[in-house]
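See below for the structure under consideration.
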Amino acid sequence: MSAGEGKDGGSVARVRAALRAAGHPDAVREFPEGTRSAADAARAVGCEVGGIAKSVIFRGTAPDGTARPVLVVASGAHSVDPEKVAALTGLSIGRAEGRWVREATGFAIGGVAPVGHLTPPVVLVDEALFAQAEVWAAAGSPRSVFPSTAAELLRMSGGTRAAVSADGPGPMPPESPGEVPHPSAGTQPLPG
């Protein structure tokens, strides 16, 4: 079975299409043993955990109560600080339950990619990833990943480069093609 078939075929196909649309090589690889966690992915591809670009989804809530996904693409070697994410986005940041993640992004936890989301998220790409020459990101299923660079993930996701790791410095001013979007920009209510 290829990465584009089977149970997660639609999600992986959406990521492949997003990669091609962004001019990025479609180099999705499938690992039957799974790549659900950063440690699993690092073992599968043969890199250090810091070379895994893990996708962490938060449920961001605007002052008007509108919920939207907030995607943090972070180094697998670091935890994400929700307070830093809140300070950078202007949203109240909460834990996203698995069902909500799937409804909002189209991906199951463990397969959330940095591109191809059903609902465009607010995206932050952690500064720590830029220390890696190559990173591996989820490709739509807990068994599929693709190689890239932090700069390419930033470009393709339309995200903002920021320090959001729990063990790094405090929130730094965003560095991106644009500022962090206003919390209500382009939002649509998501499932409760």
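The values are calculated or read from the model by the stated rules, or taken from the named source; none is laboratory data. All figures in this text were calculated on a predicted structure; none of them were measured in a lab. So basically every Cβ, Gly included, is an ideal-geometry build from the backbone, and we count neighbours across all protein chains shown. Just the protein is used for accessible areas: all its heavy atoms, side chains included, with ligands, DNA and RNA removed. Shrake-Rupley method; radii C 1.70, N 1.55, O 1.52, S 1.80 Å.
Measuring nothing but protein heavy atoms, the accessible surface of segment 71-111 at 1.4 Å probe radius is 48 percent carbon and sulfur. How big is the gap, in Å, between the Cα center of segment 96-110 and the Cα center of segment 148-162? Spelled out, the Cα-based centre of one part sits 21 Å from the other.
Indicate the gyration tensor shape class of segment 64-146 (rounded, prolate or oblate), computed on the Cα atoms with a ≥ b ≥ c the square roots of the eigenvalues: a/c under 1.5 is rounded; otherwise a/b larger than b/c is prolate and the rest oblate. Oblate shape, in that a/c is at least 1.5 and b/c is the bigger or equal ratio.
Determine which residues of segment 123-140 fall in the zone a paramagnetic label at Ala27 would reach in this model, i.e. backbone nitrogen under 16 Å from the point 7 Å along Cα→Cβ. Counting only backbone N, you get 132-139.
Protection proxy ranking, highest mean first, for peptides 113-123, 63-73: 113-123, 63-73, where packing is the per-residue count of other beta-carbon atoms within 10 Å, averaged. Restricting attention to segment 1-122, close to 95% of DSSP beta bridges with both partner residues there are antiparallel. By definition, a body whose alpha carbon gyration tensor gives a ≥ b ≥ c is oblate when a/c is 1.5 or more and a/b is not larger than b/c, and segment 46-112 fits this oblate description.
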